[in-house]
Amino acid sequence: MEQDFLSRMEKSLINLKQEIVSNLINGNEDFKEIVEGMDSKDLADIASDDIDRKMIAAIGSQELKRLRLIESALTRIQQGKYGLCIKCGKRIPQDRLEAIPYALMCIECKTAEERRNR
């Protein structure tokens, strides 16, 4: 996968992470108090830190899942495995990654998984 695309996706993932954290800060007083009580850090780092149980409780389960997927995608970029389907190992199309930068599976494997879960 070309470096320019990987750089774009990494920036996109970091922006998504910052957006989630910002939305949580704006929408949740408990979360806001936790973040304001921390040492000054980059917002992207705040989501990664294992602050305490209050923070986890403040994060909605969907947002927590997205943050974990984003972290996983950032790790795969660093490991050189970004854009490979975790089921079949094939390349995930760039269009899919642009739409869902933290996608774990190619369209075929994701469709098959969704059918099984119905």
Inter-label distance, nm, simple model (7 Å from Cα along the C-beta direction), THR111/ASN26 = 3.7
ask   = How many nm separate the modelled label positions at ASP95 and SER72, each set 7 Å beyond the Cα in the direction of the Cβ?
value = 2.4
request  = Kindly state, to the nearest 0.05, the FRET efficiency for PHE5 paired with ARG118, given R0 = 30 Å and r defined as their beta-carbon distance.
outcome  = 0.35
ask   = Between their Cα atoms, which of LYS65/LYS87; LYS11/LYS90; LYS11/LYS81; LYS65/LYS90 are more than 21 Å away from each other?
value = LYS11/LYS90; LYS65/LYS90
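Quick note: the coordinates plus some simple rules give every number you see, no bench work behind them. The shown structure was predicted, so the numbers you read here are calculated from the model rather than taken from an experiment. In this analysis, Cβ positions are derived from the backbone assuming ideal geometry, glycine residues included, and neighbour counts consider all displayed protein chains.
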